[in-house]
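**Q** Okay, handing you the structure first.
The values are calculated or read from the model by the stated rules, or taken from the named source; none is laboratory data. Because the structure is predicted, anything quoted here is derived from the model rather than measured. Every residue, glycine among them, receives a Cβ derived from its backbone with ideal geometry; neighbour counts consider all protein chains shown. Surface accessibility is based on the protein's heavy atoms, side chains included, excluding ligands, DNA and RNA. Shrake-Rupley method; radii C 1.70, N 1.55, O 1.52, S 1.80 Å.
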Amino acid sequence: MPIPVLQLKKGKERSINNRHPWIFSGAVAKLPDNEEGTIVMVTDFEHKKLCYGFLSHKSQIVCRLFEWDDLSENILTDAYWETKIKNAYALRSTVINSKNTNVYRLLHAEGDFFPGIIADVYADVVVLQVLIRGVEKLVPAIKKALIEIGFKHIYIKAKTSSTVLEDIRTGSGWLEGGVEVPVVVKENDVLFEVDFIDGQKTGFFVDQRDNRELLRTYSKGKKVLNTFCYTGGFSVYAASGGAAVVDSVDISKDAVALAGKNMQLNFPSFKHGTIAADCFDFLGEIEKDYYDIIVLDPPAFAKSAKAVANACRGYKQINLKAFRKIKKGGLLFTYSCSQNIDKDLFQKIVFGAAADAYRNVRIIHQMHQPADHPINIYHPEGEYLKGLVLYVE
């Protein structure tokens, strides 16, 4: 059966020729009437073959692209997808030190030229999140490739928004094997419990590994406040770096309890403060000049373009509160994981907060996601995590 064709409007092929992996509805002259997730051939207005992608009738992104080089219709076999996964694994084998780390991202959607899928490794378990219907149809091939690599336990976790918006029908559950949850993983020789069944995302924020390690190098003898702590990743690293005081704050009681468990797992005798409170309120109420280091790692405030204005206000407010309270000569580790707020805008927001606080502030590090979260050079939107380490006078 021939592959259906999505035809672009005249003059709309430039971004496709530049290998940007998204096509929006406004660029389309002819959209095939096939079911959600069908693989389509994309052509320009003159019917020249350009690439392949996954069709979507329900998303603003009507096609997510994955192949430009080989446009023969016989390539889209299980072996094709298995090669993508094995190439992704080869990259991780290069950038991850398996001697001290067994938790990492194996598949990073467009960053691995495989849109619509996330896969995180926790010891000998792979946790999948299938984000679009087209990838859902490939789950058997994905499973086969992971087993061939050597993974014995594969869990698929349904994402509510994808189930509603992208017509994903597969629920959460084991695709292969099965282990008792939570599992204990090792990151830079630090231990964490991970509950990928009931936890947020796939259970752990893998993308902050390098930034947690950076915090460890600055923590000796310091009083450290970790806000929006979730599993306590930054907190445990601070303790491992010799911090004198570590306090973890999150609005979720379950989160601070988990942060406490992870501290106990590594440092049973460390006096660790766990506070279930709204982080905005907590920063407004704490004593000025007490903390040497404050970590701001909030959830994504801008999950859509429409939310950017409110998100900017939220980021400015939380940074302003931290600037007003941090000790002179202190360090502020501040992050945004909102894809809709780029690093230049984020830096402008933090600049505004620093100016309103009347503090002299210097950037000493600019941070981003680690190497196992690669950024497709043709898809700058993939650079979603950005951060600054600021020296505050």
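**Q** Could you give every pair whose Cβ atoms fall below 7 Å, whose first residue belongs to segment 167-183 and is in contact (Cβ under 8 Å) with a residue 40 or more places away in the chain, and whose second residue is open to solvent by 40 Å² or more (accessible area, probe 1.4 Å) and not in a loop (DSSP other than H, G, I, E, B), counting only separations of at least 6 or pairs across chains?
**A** Within 7 Å, the pairs are 175/143.
**Q** Based on this model, can you work out whether residue 114 counts as among the hydrophobic types (A, V, I, L, M, F, W, C), closer than 29 Å to residue 15 by Cβ, assigned to a loop (DSSP other than H, G, I, E, B) and open to solvent by less than 10 Å² (accessible area, probe 1.4 Å)? Break it down into steps so the answer makes sense when it comes.
**A** On the way: among the hydrophobic types (A, V, I, L, M, F, W, C): yes; closer than 29 Å to residue 15 by Cβ: yes; assigned to a loop (DSSP other than H, G, I, E, B): yes; open to solvent by less than 10 Å² (accessible area, probe 1.4 Å): yes.
Here the answer is yes, as residue 114 does meet what is asked.
**Q** Then there's this: Hey, among the residues in segment 194-221 that are of a type in the set (D, E, K, R) and buried (at least 19 other Cβ atoms within 10 Å of the Cβ), which one's nearest to residue 270 (Cα to Cα)? Before you say what the answer is, go through the steps one by one.
**A** Pass one, segment 194-221, residues of a type in the set (D, E, K, R): 195, 198, 201, 207, 209-210, 212-213, 216, 220.
Imposing the further condition that a residue be buried (at least 19 other Cβ atoms within 10 Å of the Cβ) reduces the set to 207, 209, 212, 216.
Numbers: 207: 26, 209: 22, 212: 18, 216: 15 Å.
It comes out as 216.
**Q** Search segment 41-82 for residues being of a type in the set (Gly, Ala, Ser) and open to solvent by 30 Å² or more (accessible area, probe 1.4 Å), and hand back the single one that is farthest from residue 16 (Cα to Cα).
**A** If we filter segment 41-82 for residues that are of a type in the set (Gly, Ala, Ser), which is where we start, we get 53, 56, 59, 72, 79.
Filter once more, so that each one left must be open to solvent by 30 Å² or more (accessible area, probe 1.4 Å): 72, 79.
Details: 72: 18, 79: 25 Å.
Once the filter is applied, the top-ranked residue is 79.
**Q** For residue 224, state whether it is surrounded by 22 or more Cβ atoms within 10 Å (Cβ to Cβ) and part of a strand (DSSP E or B). Let's see the steps before the verdict.
**A** On the way: surrounded by 22 or more Cβ atoms within 10 Å (Cβ to Cβ): yes; part of a strand (DSSP E or B): yes.
It is true that residue 224 is surrounded by 22 or more Cβ atoms within 10 Å (Cβ to Cβ) and part of a strand (DSSP E or B).
**Q** For segment 21-40, give me the residue count where each residue is more than 15 Å from residue 54 (Cβ to Cβ) and open to solvent by less than 30 Å² (accessible area, probe 1.4 Å).
**A** So the first thing to find is which residues in segment 21-40 are more than 15 Å from residue 54 (Cβ to Cβ), and the list is 26-27, 29-30, 33.
If we keep only those that are open to solvent by less than 30 Å² (accessible area, probe 1.4 Å) too, we end up with 27.
Qualifying residue count for the region: 1.
**Q** Residues to consider are 142, 154; find the one that is hydrophobic (A, V, I, L, M, F, W, C), farther than 30 Å from residue 244 by Cβ, open to solvent by less than 40 Å² (accessible area, probe 1.4 Å) and touching an Asp or Glu at 6+ places or on another chain (Cβ under 6 Å). Lay out the reasoning, then the answer.
**A** Numbers: 142 fails: touching an Asp or Glu at 6+ places or on another chain (Cβ under 6 Å).
From the options 142, 154, the qualifying one is 154.
**Q** Looking at segment 355-387 only, could you name the residues that are among the hydrophobic types (A, V, I, L, M, F, W, C) and open to solvent by 10 Å² or more (accessible area, probe 1.4 Å)?
**A** Initial filter on segment 355-387 (among the hydrophobic types (A, V, I, L, M, F, W, C)): 355, 357, 361, 363-364, 367, 371, 375, 377, 385.
Correct list: 355, 357, 361, 363, 364, 367, 371, 375, 377.
**Q** May I pose another question? Any idea which of 191, 138, 131 is aliphatic (A, V, I, L, M), out of contact with any Cys (no Cβ under 9 Å at 6 or more places or on another chain) and closer than 21 Å to residue 95 by Cα? Quick ask: steps written out before the conclusion?
**A** Working: 138 fails: closer than 21 Å to residue 95 by Cα; 131 fails: closer than 21 Å to residue 95 by Cα.
Unique residue meeting the criteria: 191.
**Q** Here's another thing I want to ask about it. Looking at the structure I just gave you, is residue 11 assigned to a loop (DSSP other than H, G, I, E, B), exposed (fewer than 14 other Cβ atoms within 10 Å of the Cβ) and among the small types (Gly, Ala, Ser)?
**A** Numbers: assigned to a loop (DSSP other than H, G, I, E, B): yes; exposed (fewer than 14 other Cβ atoms within 10 Å of the Cβ): yes; among the small types (Gly, Ala, Ser): yes.
It is true that residue 11 is assigned to a loop (DSSP other than H, G, I, E, B), exposed (fewer than 14 other Cβ atoms within 10 Å of the Cβ) and among the small types (Gly, Ala, Ser).
**Q** Scanning for something closer than 20 Å to residue 187 by Cβ, in a loop (DSSP other than H, G, I, E, B), modelled with pLDDT of 95 or more and not polar (S, T, N, Q), does segment 274-295 turn up at least one residue?
**A** no
**Q** Looking at 302, 243, 239, can you tell me which residue is over 30 Å from residue 345 (Cβ atoms), open to solvent by less than 50 Å² (accessible area, probe 1.4 Å), aliphatic (A, V, I, L, M) and not in a helix (DSSP H, G or I)? Spell out how you get there, then give the answer.
**A** Working: 302 fails: over 30 Å from residue 345 (Cβ atoms); 239 fails: not in a helix (DSSP H, G or I).
After ruling out the rest, the residue left standing is 243.
**Q** Among the residues of segment 108-118, are any touching a residue at least 24 places away in the same chain (Cβ under 8 Å) and over 28 Å from residue 55 (Cα atoms)?
**A** Residues of segment 108-118 that are touching a residue at least 24 places away in the same chain (Cβ under 8 Å), as a first pass: 108-118.
Now drop any that are not over 28 Å from residue 55 (Cα atoms), which leaves none.
No, the conditions are met nowhere in segment 108-118.
**Q** While we're looking at this one, here's another question. Applying the selection to segment 258-273, what residues are open to solvent by 70 Å² or more (accessible area, probe 1.4 Å) and not in a helix (DSSP H, G or I)?
**A** 268, 269, 271
**Q** Consider residue 59 carefully, then state whether it is in contact (Cβ under 8 Å) with a residue 12 or more places away in the chain, within 20 Å of residue 8 (Cα to Cα), among the polar types (S, T, N, Q) and not in a strand (DSSP E or B). Steps first, answer last, please.
**A** On the way: in contact (Cβ under 8 Å) with a residue 12 or more places away in the chain: yes; within 20 Å of residue 8 (Cα to Cα): yes; among the polar types (S, T, N, Q): yes; not in a strand (DSSP E or B): yes.
Considered against the rule, which asks whether it is in contact (Cβ under 8 Å) with a residue 12 or more places away in the chain, within 20 Å of residue 8 (Cα to Cα), among the polar types (S, T, N, Q) and not in a strand (DSSP E or B), residue 59 comes out as yes.
**Q** Counting only residues that are in contact with a Gly (Cβ under 9 Å, 6 or more places away or on another chain), within 12 Å of residue 236 (Cα to Cα) and free of Cβ contacts under 8 Å to residues at least 60 places away in the same chain, how many does segment 254-273 have?
**A** Qualifying residue count for the region: 4.
**Q** Just wondering, is there one or more residues in segment 83-104 that are open to solvent by 20 Å² or more (accessible area, probe 1.4 Å), hydroxyl-bearing (Ser, Thr, Tyr) and not in a helix (DSSP H, G or I)?
**A** Within segment 83-104, one or more residues are open to solvent by 20 Å² or more (accessible area, probe 1.4 Å), hydroxyl-bearing (Ser, Thr, Tyr) and not in a helix (DSSP H, G or I).
**Q** Right, another one. Within the set of pairs 6+ apart or on separate chains, which have a first residue in segment 285-299 that is at positive phi, a second that is not aromatic (Phe, Trp, Tyr), and C-beta atoms under 8 Å apart?
**A** Matching pairs, first to second residue: 289/325; 289/326; 289/327; 289/328.
**Q** I've got another one for you. Among the numbered criteria (1) crowded, with 20+ Cβ neighbours inside 10 Å; (2) over 18 Å from residue 170 (Cα atoms); (3) not polar (S, T, N, Q), which single criterion is violated by residue 128?
**A** Looking at each condition in turn, residue 128 falls short on (2).
**Q** Would you mind finding the one in 316, 321, 327 that is modelled with pLDDT of 95 or more, in a loop (DSSP other than H, G, I, E, B) and farther than 30 Å from residue 115 by Cα? Please lay out each step first, then the result.
**A** Numbers: 316 fails: in a loop (DSSP other than H, G, I, E, B); 321 fails: in a loop (DSSP other than H, G, I, E, B).
After applying the criteria, what remains is 327.
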